[in-house]
Amino acid sequence: MNSIDRDLQALGWDEHFDRQLSIEDAAYCRPVRVMSVHRGKIAIAGAWWAGFCSPHIPGAAPSDHHPTVGDWLLIAAATLQPVRVLDRKNLFKRRAPGDPRREQMIAANVDTVFIVASCNQDFSVARLERYLVMAREVGVNAVIVLTKTDLTDKPETFAEAARAIEPELIVKTVNGRDPADVASLADWCGPGKTVALLGSSGVGKSTLVNTLRGSDSIATQAIRENDGTGRHTTTVREMHRLDQGGWLLDLPGMRELQLSEAAGGIAEVFDDFASAAAECRFSNCSHGNEPGCAVRAAIETGELTVERLERWRNLAAGEDAPHTTKRRSR
């Protein structure tokens, strides 16, 4: 393996991207990864050059793929102009806030999602489920990371509530300011791996990023004492190098998490309800007062809960449900 191959692999390059290069591509283009997205420009890095370039791809239609953070992009060696976005492993996107007709790309080519919540009054099982549905729909491994354990004497209570969402769900409780505590996340942050952080504002994502990087270069803000919530700290979608050799994608808090078309992810996260519904007498059962409703029967026996039924209905109806592009078969 030559040094260029090692440099690309350190950025997350693998066979999925390598087999997309033609002989002509190899002769006239260079692969780079999109490290951050700014207004009117993107930061890129490759085996031989790092800097900024325009996100505009000449000749591309509005419906074509345009670069977002985490993408692998071919640029012309002679002009450093973008040529095309390589086929992604996965893509997170949502309806653009304020304009449901447009889609906003969030991040591409993610290996693991850390779904971050805090052990305080802002903790919400429903919010964790929405983020988990997003990860499951895209086919990305998800780990629940519960922060601010130093602010509670019962962190395991929060962890048990999170684990109840799905069997075998990995849940980690950490004090985001303690490097020894955060070291428990190292298994997902190895060389060339990309981890994305999802979570609402004020849950400690920036503090967690700083500790994973061994740096305090990312600004943090105190949460509001009255409700435990915070303001946006991160405003740029950006990849950060980790000491373990991987990359961490800190995404801005998404207050307007209006997501859609995630039937597969919903079915996976709520597979207990999907299984019960399959046993209902009527295929169009609304799980209300219909005779032979297996979902209601399971609720009466305590196998399922009314609260979880309502959250399942809301997501299935498209309320705050994720919109993602599934991983292509390899």
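The values are calculated or read from the model by the stated rules, or taken from the named source; none is laboratory data. Values in this document were obtained by computation on a predicted structure and should not be read as measured data. As a convention, Cβ positions derive from the backbone with ideal geometry for all residues, glycine included, and neighbour counts pool all protein chains shown. These accessible areas exclude ligands, DNA and RNA; they are computed on the full protein's heavy atoms, side chains included. Shrake-Rupley method; radii C 1.70, N 1.55, O 1.52, S 1.80 Å.
Quick look at the numbers
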{"quantity": "Computed E for Glu300/Ala60 - FRET, C-beta separation, R0 51 angstrom, nearest 0.05", "calculated": "0.35"}
{"quantity": "Förster radius 41 Å - calculated FRET efficiency between Glu103 and Arg6, Cβ distance, rounded to 0.05", "calculated": "0.70"}
{"quantity": "Protein accessible area in the range 82-201, 1.4 Å probe - carbon and sulfur %", "calculated": "47 percent"}
{"quantity": "Anisotropy class of the range 155-194 from Cα gyration tensor, a/c 1.5 cut", "calculated": "oblate"}
{"quantity": "Residues of the range 1-148: accessible area per residue with a 1.4 Å probe, Å²", "calculated": "42 Å²"}
{"quantity": "Value in Å of the Kirkwood radius, where the range 39-162 supplies the Cα pairs that are averaged", "calculated": "17.3 Å"}
{"quantity": "Pair His38, Arg313: separation of 7 Å Cα→Cβ label points (nm)", "calculated": "4.9 nm"}
{"quantity": "For Gln104, residues with placed amide H under 5 Å, excluding near neighbours", "calculated": "Arg94, Arg95, Ala96"}
{"quantity": "Stokes-Einstein D (µm²/s) once Rh is taken as the Kirkwood radius of the range 7-96 over alpha-carbon pairs, at 4 °C in 1.567 mPa s", "calculated": "97 µm²/s"}
{"quantity": "Packing rank of 23-31, 7-15, where each peptide gets the mean count of other beta carbons within 10 Å, highest leading", "calculated": "7-15, 23-31"}
{"quantity": "For Leu304, residues with placed amide H under 5 Å, excluding near neighbours", "calculated": "Ile299"}
{"quantity": "Derived scalar couplings ³J(HN,Hα) [the range 307-312; Karplus, 6.51 cos²θ - 1.76 cosθ + 1.60; whole Hz; x for Gly, Pro]", "calculated": "4, 5, 4, 5, 5, 4"}
{"quantity": "Förster radius 30 Å - calculated FRET efficiency between Asp87 and Asn284, Cβ distance, rounded to 0.05", "calculated": "0.20"}
{"quantity": "Amide H within-cut-off set for Val113, under 5 Å, with H built and near neighbours excluded", "calculated": "Asn141, Ala142, Val143, Ala196"}
{"quantity": "Using θ = phi - 60° and Karplus 6.51 cos²θ - 1.76 cosθ + 1.60, couplings along the range 26-36 (whole Hz; Gly, Pro as x)", "calculated": "4, 7, 10, 10, 10, x, 9, 10, 7, 8, 7"}
{"quantity": "Assigned charges on the beta-carbon of Lys, Arg, Asp, Glu; the range 132-177 dipole about Cα centre (debye)", "calculated": "160 debye"}
{"quantity": "Highest to lowest packing among 133-139, 117-123, scored as the average C-beta count within 10 Å", "calculated": "133-139, 117-123"}
{"quantity": "Anisotropy class of the range 1-56 from Cα gyration tensor, a/c 1.5 cut", "calculated": "prolate"}
